[in-house]
Amino acid sequence: MTNIVEKLTAALGEDAVISGTEIDRATSYWDQTPTQAVALLRPKTTTDVSTALRICYDNHQPVVTQGGMTNCVQSADAQPEEVILSLERINTIESIDKAGATATVGAGTVLQTLQEACLQQGLLFPLDLGARGSCTIGGNAATNAGGINVLRFGMARHLILGMEVVLADGTVLSSMNQMLKNNAGYDLKQLFIGSEGTLGIITRLVVKLSPKPKTCYTALVALNSFDHVITLLQQARRDLTDTLSAFEVMWGHYFKGVTGATGHRAPLAREHPYYILLQAEGGDPDTDEDRFNRVLESCFEAGCIVDAVIPKSEAERVALWDIRENFEPILHIKPIFLYDISLPIVAMNDYVDSVETALKTQWPSCEFYVLGHIADGNLHFFIRPNVSCEDLHFSCDEIVYGLLKDCGGSVSAEHGIGTEKIAWLGHSRTQEELKIMALLKRTLDSRNILNRGRVLPVDDNTNG
Ligand SMILES: Cc1cc2nc3c(=O)[nH]c(=O)nc-3n(C[C@H](O)[C@H](O)[C@H](O)COP(=O)(O)OP(=O)(O)OC[C@H]3O[C@@H](n4cnc5c(N)ncnc54)[C@H](O)[C@@H]3O)c2cc1C
């Protein structure tokens, strides 16, 4: 009897199929141990993906889809019984339409590659995140990625106009819409955005572009209280209006943790309780700088900002962003747990204080680092309990998510659920919502072959 690897090889060709023992790749960006799987598929076209899925579907073969493997919730980590389907060879930028301000791209295109190609044409693809050099547009769509420009341009969902998806049984659903407006029936692409590969495999996309900004002004500022953080945010939103593109918060212990002798150079004193990295990008070189400086000056005069640094070169600007985006200096000792929650901004400071108190009560030498996209109501925590005991991650989750429920927050602002947060999905979704999610999964993937056990528990979404 022909086994699944032989069937896939016969259909896709030898260069598209690497069998289990020959696979040479890490589990993920976060876990460099070698992955184990039945086979690794590297299709080149939507038709190849369709052929592969039809064979897997007929054989009840579970499949995990991989883009850049940078997700933070173990959703693309392969299980030994799964076939990996990687989009890495569906990576062509098919066209950039300057008049319509759209780009048509293969799902395996690396985000930074698309950003750079657009900039060369005088256009901006504004989705941007720290993993830009490795993550793919397909992965961004599948996770509804957020990142640093959400307050101005929205999440991945707001930037996607069209999509081609292959369903579990191999059906190709092509909806490569290029228009801003299209109300012809249900907008099916929305189902797949943020579904973490559980409903279909995205192979091609049409994305929305903006004009390339002519100016960019950045500042790192220090503040003494959370009220001042909110005041600065309100003023920046009001006075910088459409140019404000990023407003990133770092609590003092994060800033201190990633700077200093073993980290980044600290451009400001390391003792302040809050730091904000803000950026404005505009189209008017005559007025944008003045507007930006006026906001900083008036907040300085009002005592809201206590210290600030403005980069004098592109290298200095990049170095400031590195403090926010490159958290390697605090990752050296494991385990350290990453959280990605959202909640109303007004509730943030009390919530963070209550989490810190609960963590320190349970584990007195616990390290707790807070940063995030505060203007979107989104905070990230890195928590290192500094103890070893069973179920440590779950105990930490209980503290973070237990206190979050009272604030009406979400267990995932942008990273998704993956396998890591399945137990907590019910904190942020009602039973009725969960039932509809399971129904959709059964409808689109009745044999439960796609990303089984991600987002929804296996029992909820299985028929096969
Ligand atoms: C340093 C760093 C910074 C980050 N910052 C942010 C941030 O600011 N905001 C943010 O939202 N995320 C952030 N992330 C998380 C991560 O980069 C995003 O989730 C990203 O969108 C994942 O893209 P990927 O190509 O790596 O997808 P993968 O990790 O490969 O996959 C993610 C999920 O999507 C599925 N998938 C991948 N490709 C497809 C496809 N073509 N069709 C269907 N399903 C698919 C996978 O099966 C998996 O479930 C960060 C990660 C790192 C390492």
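The values are calculated or read from the model by the stated rules, or taken from the named source; none is laboratory data. In this text, all values refer to a predicted model and were calculated from it rather than measured experimentally. Backbone-built Cβ (ideal geometry, glycine too); neighbour counts: all protein chains shown.
Within the range 377-401, count every residue that is small (Gly, Ala, Ser) and at pLDDT below 95.
Just the residues of the range 377-401 that are small (Gly, Ala, Ser), to begin with: 377, 388, 395.
Subsequent filtering for residues that are at pLDDT below 95 retains 388.
Residues meeting the conditions: 1.
Quick one: count up the residues across the range 252-279 that are in a strand (DSSP E or B) and either out of contact with any helix residue (DSSP H, G or I) (no Cβ under 7 Å at 6 or more places or on another chain) or among the charged types (D, E, K, R) (or both).
Within the range 252-279, residues that are in a strand (DSSP E or B) and either out of contact with any helix residue (DSSP H, G or I) (no Cβ under 7 Å at 6 or more places or on another chain) or among the charged types (D, E, K, R) (or both) number 1.
Among the residues that make up the range 297-304, is at least one of them more than 30 Å from the chain's Cα centre (by Cα) and surrounded by 19 or more Cβ atoms within 10 Å (Cβ to Cβ)?
Quick first cut of the range 297-304, residues more than 30 Å from the chain's Cα centre (by Cα) only: 297-304.
With the extra rule that they be surrounded by 19 or more Cβ atoms within 10 Å (Cβ to Cβ), the set shrinks to 299, 304.
Checked the range 297-304: at least one residue is more than 30 Å from the chain's Cα centre (by Cα) and surrounded by 19 or more Cβ atoms within 10 Å (Cβ to Cβ).
Return the total of residues in the range 103-156 being under 21 Å from residue 48 (Cβ atoms) and crowded, with 20+ Cβ neighbours inside 10 Å.
Here the count works out to 12.
Output the number of residues of the range 23-36 satisfying the condition of being without any contact (Cβ under 8 Å) to a residue 60 or more places away in the chain and either within 9 Å of the ligand (Cβ to nearest atom) or within 18 Å of residue 139 (Cβ to Cβ) (or both).
Within the range 23-36, the first condition is being without any contact (Cβ under 8 Å) to a residue 60 or more places away in the chain, and the residues that meet it are 24-28, 30-36.
Now drop any that are not either within 9 Å of the ligand (Cβ to nearest atom) or within 18 Å of residue 139 (Cβ to Cβ) (or both), which leaves 25-28, 30-31, 35.
Adding up the residues that qualify gives 7.
Considering (1) crowded, with 20+ Cβ neighbours inside 10 Å; (2) β-branched (Val, Ile, Thr); (3) more than 21 Å from residue 270 (Cβ to Cβ), say which one residue 361 fails and leave the rest.
The one condition residue 361 does not meet is (1).
Looking at the structure I just gave you, is residue 233 among the aliphatic types (A, V, I, L, M), surrounded by fewer than 21 Cβ atoms within 10 Å (Cβ to Cβ) and in contact with a Phe, Trp or Tyr (Cβ under 8 Å, 6 or more places away or on another chain)? It would help to see each step written out before you state the result.
On the way: among the aliphatic types (A, V, I, L, M): yes; surrounded by fewer than 21 Cβ atoms within 10 Å (Cβ to Cβ): yes; in contact with a Phe, Trp or Tyr (Cβ under 8 Å, 6 or more places away or on another chain): yes.
Yes, satisfied.
So is residue 410 away from the ligand (no atom under 12 Å from the Cβ) and without any contact (Cβ under 8 Å) to a residue 40 or more places away in the chain or not?
For residue 410, the condition - away from the ligand (no atom under 12 Å from the Cβ) and without any contact (Cβ under 8 Å) to a residue 40 or more places away in the chain - is not met.
Pull up the range 51-67, narrow it to residues that are within 13 Å of the ligand (Cβ to nearest atom) and polar (S, T, N, Q), then point me to the one that is farthest from residue 450 (Cα to Cα).
By that ranking, first place goes to 66.
Has the range 19-41 got any residue that is under 16 Å from residue 107 (Cβ atoms) and modelled with pLDDT of 95 or more?
yes
All but one of (1) buried (at least 19 other Cβ atoms within 10 Å of the Cβ); (2) within 17 Å of residue 228 (Cα to Cα); (3) within 24 Å of the chain's Cα centre (by Cα) hold for residue 280, so report the exception by its number.
Answer for residue 280: the failing condition is (2).
Kindly provide the set of residues from the range 179-211 that are in contact (Cβ under 8 Å) with a residue 12 or more places away in the chain, of a type in the set (Ser, Thr, Tyr) and in a loop (DSSP other than H, G, I, E, B), ordered by number.
Within the range 179-211, 195, 198 qualify.
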